[in-house]
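Colleague: Let me give you the structure first, and then I'll get to my questions.
Readers should treat all values here as calculations from the given coordinates under stated rules, not as data from a laboratory. Only a predicted model underlies this, so the values are computations on that prediction, with no experimental measurement involved. Positions of Cβ are backbone-derived with ideal geometry, glycine not excepted, and every protein chain shown enters the neighbour counts.
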Ligand SMILES: Cc1cc2nc3c(=O)[nH]c(=O)nc-3n(C[C@H](O)[C@H](O)[C@H](O)COP(=O)(O)OP(=O)(O)OC[C@H]3O[C@@H](n4cnc5c(N)ncnc54)[C@H](O)[C@@H]3O)c2cc1C
């Protein structure tokens, strides 16, 4: 049986960062990276921004194929890890069983699929590089696309469809688009931009089922407030932690794989990081930079260093319909004693910033920039947030940075 010092299951943002950290900090140790997708490990966030233009399967690869052997990493593509025997320190793959010293679960999340019996060939998710290619192929022939879900992925999907000249309707249960990430004021400007682009936006709309309509060749989307017809649907109703491997291996899971503040699971020498991990208080992060950060923290832990995951307030950006929406930290957390103060408003040129402070330090920040925002401005705002800048500094920097 082959033995590896470090095994990483899942080659998304957290798995890849863990590998890079181990390569840099623990040279000479054997590393196995298992990637269940066929493509080289890639930047998932690029998919939903590039559907309309299309791309080659490895267009968003983080490293070329040669990088892995050159850095002493064995990469297995297109195979899922099937079972961990934590006591024996072995991992079964489709092709073989290997043994490990330390193992990281970086299995990410998968797209939620709440509607049974979806009509074949009439819908796709927008989660993997393969999903994006399917949607790209479909878009050119569509008259009308229905996007189910009005969170960030739904908004990005609608923007891609509109950019391809496809009539688009989007719908979701929430009262406003990107409800988790934006406060009501910032979401209002996004809503205006969506509608201005010609998208029919149906808030507060519960989808009950999606069925084929063979007579017309369309699909019917049954909602709690009438039916909607379209040629094709994109399901963007969120993700759920991918815990299949952990669960079948007897590693405790709740919403996600339960970890302590050092990202250690209840199984000896097994860590979990990124979207698959559930932190104290039920937190599942769901952000690219957070997954990277967790991969880094877990890798250091696997090397025997004691590091805590602090859940830094990484930002989410949504660059759509000619604008830029920015969100970082618990923007919609209830205020009051011990919590964040109410949002304040800083208007700078065409950007509306909505900072929230706790004890005078920046704790959450939203921005709505319907005419766009320079990258440097967004970066500066992220830095303010990450270091919990004081009120005076936040105001002066944001005011000086308006584009
Ligand atoms: C289309 C899209 C766009 C996004 N855009 C943004 C954005 O703009 N900004 C942002 O902050 N976040 C964004 N996110 C969220 C962000 O991509 C995730 O938070 C991040 O990718 C999580 O990284 P991860 O390493 O935890 O998991 P993932 O990236 O989900 O990777 C996990 C990998 O593990 C594999 N895997 C699962 N089980 C097994 C197994 N048993 N064996 C082997 N491999 C396995 C999966 O197939 C997958 O390849 C987006 C997500 C999606 C889907």
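Colleague: Relative contact order for the stretch 1-122: what is it in percent, counting Cα pairs under 8 Å that are at least 6 residues apart?
Modeller: 35 percent
Colleague: Report the residue, chosen from 70, 347, 393, that carries the largest GNM mean-square fluctuation when the chain is represented by alpha-carbon nodes joined by springs under 10 Å.
Modeller: Taking springs between Cα atoms under 10 Å, the residue moving most is 70.
Colleague: As a footprinting exposure proxy, order 288, 159 by other Cβ within 10 Å, with the fewest listed first. Show your work: numbers first, answer last.
Modeller: On the way: 288 20, 159 27.
Lowest to highest Cβ neighbour count: 288, 159.
Colleague: Rounded, prolate or oblate: which fits the stretch 315-401 when a ≥ b ≥ c are the square roots of the eigenvalues of the alpha-carbon gyration tensor, with rounded for a/c under 1.5 and prolate only if a/b beats b/c?
Modeller: Taking the square roots of the gyration eigenvalues as a ≥ b ≥ c, the stretch 315-401 is prolate.
Colleague: Would you mind classifying the chain by shape? Square roots of the alpha carbon gyration tensor eigenvalues, ordered a ≥ b ≥ c; an a/c under 1.5 is rounded, otherwise it is prolate if a/b is larger than b/c and oblate if not.
Modeller: It comes out oblate by the Cα gyration axes.
Colleague: When a/c is below 1.5 the answer is rounded, else prolate if a/b is larger than b/c, else oblate, so apply that to the stretch 157-216 with a ≥ b ≥ c taken from the square roots of the Cα gyration tensor eigenvalues.
Modeller: Note, shape of the stretch 157-216 comes out oblate.
Colleague: On full extension of the chain, what length is gained from residue 58 through residue 283, given 0.36 nm per residue of separation minus the C-alpha to C-alpha distance?
Modeller: Here the answer is 77.8 nm.
Colleague: Select from 216, 21, 168 the residue whose mean-square fluctuation is largest in a Gaussian network model of the chain (Cα-Cα springs shorter than 10 Å).
Modeller: So, out of 216, 21, 168, the one fluctuating most is 216.
Colleague: Right, here's the next one. If you build a Gaussian network model of the chain, linking Cα atoms that sit under 10 Å apart, which residue out of 254, 363, 15 swings the most?
Modeller: In this elastic network of the chain, the residue with the biggest mean-square fluctuation among 254, 363, 15 is 254.
Colleague: Something else: Nearest-5 percent of antiparallel DSSP beta bridges in the chain?
Modeller: Just about 55 percent of them are antiparallel.
Colleague: Ok, one more. If R0 is 41 Å, what FRET efficiency do you get for residue 2 and residue 224 from their C-beta distance, rounded to 0.05?
Modeller: Plugging the Cβ-Cβ distance into 1/(1 + (r/R0)^6) gives 0.15.
Colleague: Fewest Cβ neighbours within 10 Å first, please rank 134, 210 accordingly.
Modeller: Numbers: 134 16, 210 23.
Going from least to most buried by this count: 134, 210.
Colleague: Another question about this same structure. Run lengths n ≥ 4 of DSSP H only: what is the helix-derived mean residue ellipticity at 222 nm for the chain, with -39500 (n - 2.57) per run over all residues, to the nearest 500? Provide the component values of the computation, followed by the final result.
Modeller: On the way: 9 runs with 96 residues, N = 403.
It lands at -7000 deg cm²/dmol.
Colleague: By counting other Cβ atoms within 10 Å of each Cβ, how are 167, 344 ranked from fewest to most?
Modeller: Neighbour counts put them in this order, fewest first: 344, 167.
Colleague: Something else now. Can you give me the C-alpha center-to-center distance between the stretch 254-291 and the stretch 97-148, rounded to a whole angstrom?
Modeller: With the stretch 254-291 and the stretch 97-148 each reduced to a Cα centre, they are spaced 22 Å.
Colleague: Moving on to the next point. Under the definition of Cα pairs under 8 Å and six or more residues apart, what whole-number percent is the relative contact order of the stretch 315-401?
Modeller: Over the stretch 315-401, the number comes to 29 percent.
Colleague: While we're here: How many angstrom lie between the C-alpha centres of the stretch 211-243 and the stretch 1-72?
Modeller: Each part's Cα centre sits 33 Å from the other's.
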